[in-house]
Amino acid sequence: MKKRIGFYPRVRTEGGGRGVVSQAGGVLLVETVRKAGLDQAISAALAPWRKPRAVHDPGKILLDVALAVALGGDCLADVGMLRAEPAVFGPVASDPTVSRLVSALAAGGKRALTALRQARAHVREHVWMLAGDAAPDAAGQVVVDLDGVLVIAHSEKQDAAATWKKTYGHHPLMGFVDHGRGGSGEPVAGLLRPGNAGSNTAADHIEAARLALAQLPKKYRRGRRTLIRTDSGGGTHEFVDWLSARGRWLSYSVGMTITDAIHQAVLKVPASAWTPAVEPDGEIRDGAWVAELGGDCLKGWPEGMRLIVRKERPHPGAQLRFTDVDGMRLTCFATNTQHTSIAELELRHRQRARAEDRIRAARATGLRNLPLHDAAQNQVWLEIVQIALDLLAWMPLLALTGQARLWEPRRLRLRLFSAAAQLVTTGRRRILRFAKHWPWTGLITDALQRLAALPTPD
């Protein structure tokens, strides 16, 4: 008769093991940093903040925090996870040293933020060049999505305030470059705002758009090849005027609030003018139609603007609004893209929903909570979060293929980064041997080979 031990094997535990590295899959991010040249760029950007006879490079300190956030950390002290594995992550500064650097960068204000952002923009252009046909601009256009994020505060932090959802915290405005259906996205703007900041504040949208454009290669900072997408928060006269200003000529696709004038115009649209909406595969979207509005609805808006409205049967349980018509949910957006069918334009605008996926990934990567008290320090933290998100976007872009490129941060951590390995030193070389039985070992080693084949920046 066998003695029952329960559902799981009973193992004996003891300390003192040697040669085993936890979070060994984090070497994927380390190699991405090296091949992208992010270590050199951040080090050069933060050189003015390096004190004489300092042991740790400020760039290395900041990158260590970003790596810890990418691996799942949510505060400065989580850099201790890297400190425990010097064979993979090198020497890591102490917690007080990390805190002093963040305070120094916060005191540096706009000068420090500009240095970090310029370094990221320089590296981004290099990464897109390495990615080739997989780069987000491979089709000749870059799509930038702007959207707000509510970050809950659990203590009295600077600029924390009541939000429009009756919570308490901050309301950052983020920008993401869309990688399309075959990839994820990368952050290009992070504007920290008080919790009571308005959703449709034109000045904030303009500033976020400026930050996003500055992150793009120079040829995309103006012109129709750059598309700015927003929800109805961006549908203001000031923001649309700024996007379409002479000399800027940006493409835009911004949501619009259903005003009484738009509502009345929809009522006058004949049945023959409604066109079936389409899905990404070209099939007709069941229960959805689109039409283009004109006339008085366009008065006062920039020349060339098109106003497109969609009506769709609401999902079961959805609440209708007083602006909806005949039991149909109405949504509206404006664009200046010409010579394209309204069904294609509506599909392109609807794909702005991918920004919600980017926000979910950001929440899982350090944006669930702003861990510091001062607003300037939390803005530095927001830059660190963006660096971590950059790495989580660039690593799949350069090293993964197929469905693995679509994995969100939580899945990357569970399957790749958390993998353990045995550290073997032989012939003055250090070798990480991943467990043969781990289902994703082949994926890790193949990704490392692709990264190794990339040229190393000078």
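Among DSSP bridges having both ends in the chain, what percentage is antiparallel? Round to the nearest 5.
85
Need one number: nm distance between label points at Leu150 and Glu292, each 7 Å from Cα along Cα→Cβ, rounded to one decimal.
3.7
Heavy atoms only, 1.4 Å probe, whole protein assembly: order Lys311, Lys166, Lys51 by accessible area, highest first.
Correct descending sequence by accessible area is Lys166, Lys51, Lys311.
Can you give the helix-only mean residue ellipticity at 222 nm for the chain, where every DSSP H stretch with n ≥ 4 adds -39500 (n - 2.57) and the sum goes over all residues, rounded to the nearest 500 deg cm²/dmol?
-11000 deg cm²/dmol
Subtract the Cα-Cα distance of Ala107 and Ala54 from 0.36 nm times their separation in residues, and report this length gain in nm to one decimal.
So the extension gain works out to 17.2 nm.
Report, ordered by chain and residue number, the lysines lying within cross-link reach of Lys51, taken as a straight Cα distance under 25 Å and ignoring same-chain residues fewer than 8 apart.
Lys60, Lys110
Give, in whole angstrom and from largest to smallest, the semi-axes √(5λ) of the equivalent ellipsoid of the chain, with λ running over the eigenvalues of the Cα gyration tensor.
43, 26, 22
If you line up the long axis of helix 110-131 against the longest principal axis of the chain, both from Cα atoms, how many degrees apart are they, to the nearest 10?
Compared with the principal axis, the helix lies near 90 degrees.
Determine the distance separating the Cα centre of segment 63-99 from the Cα centre of segment 117-132; give it in Å without decimals.
24
Any idea what angle helix 27-36 forms with the longest principal axis of the chain, computed on alpha-carbon atoms, 0 to 90 degrees, nearest 10?
Between the helix axis and the principal axis of the chain, the angle is about 70 degrees.
Could you pull out every one of the lysines with an alpha carbon less than 19 Å from that of Lys299, ignoring same-chain neighbours closer than 8 positions?
Counting by Cα, and skipping residues close in sequence, Lys299 has these lysines nearby: Lys268.
Quote to one decimal, in nm, the extra length available between Asp281 and Thr97 on full extension: 0.36 nm per residue of separation minus the C-alpha distance between them.
Here the answer is 61.0 nm.
Stretched out fully, how many nm does the piece from Glu303 to Val269 gain, at 0.36 nm a residue minus the Cα gap?
Contour length minus Cα-Cα distance gives 10.0 nm.
Considering only protein heavy atoms and a probe of 1.4 Å, how much of the accessible area of the chain is carbon and sulfur, as a whole percent?
Exposed carbon and sulfur together represent 52 percent of the surface.
Per residue, how much accessible area does segment 121-268 show when a 1.4 Å probe rolls over the protein heavy atoms, in square angstrom?
42
Under 8 Å for C-alpha pairs, at least 6 residues apart: give me the relative contact order for the chain, rounded to a whole percent.
Dividing the mean separation by the residue count of the chain yields 21 percent.
Under 13 Å from the Cβ of Ala245, count the other residues' Cβ atoms, weight Lys and Arg +1, Asp and Glu -1, and hand me the total.
+1
Once the Cβ-Cβ distance between His315 and Arg430 is put in as r, and R0 is 41 Å, what FRET efficiency do you end up with, to the nearest 0.05?
0.15
In the full protein assembly as shown, how much of Thr425 is accessible to a 1.4 Å probe, in Å² to the nearest 10?
100
Quick one: net charge of Gly233's neighbours, Cβ under 13 Å, K/R +1, D/E -1?
Here the count lands on -2.
Write down the accessible area per residue of segment 354-408 in Å², having rolled a 1.4 Å probe over the full set of protein chains.
On a per-residue basis, 28 Å².
The values are calculated or read from the model by the stated rules, or taken from the named source; none is laboratory data. Given the structure is predicted, the values throughout are model-derived calculations rather than measurements. Using ideal geometry, Cβ is built from the backbone for each residue, glycine included, and neighbour counts are taken over all protein chains shown. Each accessible area value is taken on the protein alone, full model and side chains, heavy atoms only, with ligands, DNA and RNA left out. Shrake-Rupley method; radii C 1.70, N 1.55, O 1.52, S 1.80 Å.
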